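Structure first, then comments.
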Amino acid sequence: MSEPPALLVDRLAYAYPDGHQALYGVSLTVRPGERVAVLGPNGAGKTTLVLHLNGVLTGQGRVEVAGLPVAKPNLKEVRRRVGIVFQDPDDQLFMPTVRDDVAFGPANFGLRGDELDARVKRALDDVGMAGHADRSPMHLSGGQRRRVALATVLACDPDILVLDEPSANLEPRARRELAEVLLGLDRTMLMVTHDLPYALQLCPRAVLIDGGVVVADGPTRDLLADADLLAAHRLELPFGFRLD
Ligand SMILES: Nc1ncnc2c1ncn2[C@@H]1O[C@H](COP(=O)(O)OP(=O)(O)OP(=O)(O)O)[C@@H](O)[C@H]1O
Ligand SMILES: [Mg+2]
């Protein structure tokens, strides 16, 4: 039997409790090892889609992780496999110290002692925050909080990494260092971003979402080279950026 897709989303529709319909039937398949960018204007439904990938939200349609339906009985296993770095780091950080926050996930999955310490140290090193382990996440800057939020997920070593706007708020050097970390991971990755050069650098494939549906899915370079497509969906390359 062939390997199931890392992520399968089939005709996913979702309306928030206030009645606002955010997704109108999103279909998307990600193969193991693929790195896919999710692009789209504000309010397109990107975060809503992400929140379905580990069962924070449940809509109509099918969502599967490595062949496993994202549903109540499977949530523990799904959450072990899929690590989501949320758009707002404050949704991810709630412990008294950075170290406790980063240890929380792997401890929950059963890691203890030296193994746990090593995992925490590595994750903090990866995001350049090892020197801040004893500080309160509440006292960090926005960019530092974002890096710690990423470390909390890296520490869990998930098969599938889902990142919602990972480069937002990062200084250029941290943004570049994060790209190096992500490229070194060799994981399946779904990355929501407004940073089109970042999408191009990190993800060979891109999916464009607007109005709660997928409007384009193909090589990132092809999507970014299509000026009419970008304009129709409020996407803009940075001033002076050239695709070569
Ligand atoms: N809790 C909520 N209740 C009601 N409507 C919501 C809620 N969260 C989001 N929405 C609406 O759902 C739609 C999709 O929102 P979503 O956050 O998925 O967009 P997005 O593509 O992630 O945008 P952004 O680029 O700004 O992060 C928007 O119209 C938004 O107003
Ligand atoms: Mg969003």
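What to note about this one:
- Residues that are away from ligand 1 (no atom under 15 Å from the Cβ), over 27 Å from Ala232 (Cα atoms), surrounded by fewer than 18 Cβ atoms within 10 Å (Cβ to Cβ) and of a type in the set (A, V, I, L, M, F, W, C) do not occur anywhere in the stretch 7-14.
- Conditions (1) more than 15 Å from ligand 1 (Cβ to nearest atom); (2) part of a loop (DSSP other than H, G, I, E, B); (3) modelled with pLDDT of 95 or more; (4) exposed (fewer than 14 other Cβ atoms within 10 Å of the Cβ): number failed by Glu3: (3)
- In summary, Asp18 fulfils each of the numbered conditions (1) within 16 Å of ligand 1 (Cβ to nearest atom); (2) acidic (Asp, Glu); (3) within 23 Å of Ala199 (Cβ to Cβ) with the single exception of condition (3).
Okay, residues lined up against (1) closer than 29 Å to Gly67 by Cβ; (2) buried (at least 21 other Cβ atoms within 10 Å of the Cβ):
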residue: Ala103; (1), (2): no, yes
residue: Phe109; (1), (2): yes, no
residue: Ala133; (1), (2): no, no
residue: Leu154; (1), (2): yes, yes
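- Within the stretch 39-61, residues that are among the hydrophobic types (A, V, I, L, M, F, W, C) reach partners that are outside any loop (DSSP other than H, G, I, E, B) and within 9 Å of ligand 2 (Cβ to nearest atom) with beta carbons closer than 6 Å, at six or more positions or on different chains, in the pairs Val50/Asp164.
- Conditions (1) over 15 Å from Leu161 (Cα atoms); (2) surrounded by 14 or more Cβ atoms within 10 Å (Cβ to Cβ); (3) touching a residue at least 24 places away in the same chain (Cβ under 8 Å); (4) touching a strand residue (DSSP E or B) at 6+ places or on another chain (Cβ under 9 Å); number of the one not met by Val65: (1)
- Strands (runs of 3 or more DSSP E) lying entirely in the stretch 23-136 (those with 2 or more residues that are within 28 Å of Ala174 (Cβ to Cβ) and within 16 Å of ligand 1 (Cβ to nearest atom)): 35-39, 82-85
- Sole exception among (1) more than 16 Å from ligand 2 (Cβ to nearest atom); (2) at pLDDT 95 or above; (3) surrounded by 15 or more Cβ atoms within 10 Å (Cβ to Cβ) for His52, by number: (1)
- Selection within the stretch 156-205 - within 16 Å of ligand 2 (Cβ to nearest atom) and hydrophobic (A, V, I, L, M, F, W, C): Val162, Leu163, Ala168, Leu190, Met191, Val192, Leu196, Ala199
The values are calculated or read from the model by the stated rules, or taken from the named source; none is laboratory data. The structure displayed is predicted, hence computed values, not measured ones. Heads up, the Cβs are rebuilt from the backbone with ideal geometry, glycines too, and the neighbour counts pull from every protein chain shown.
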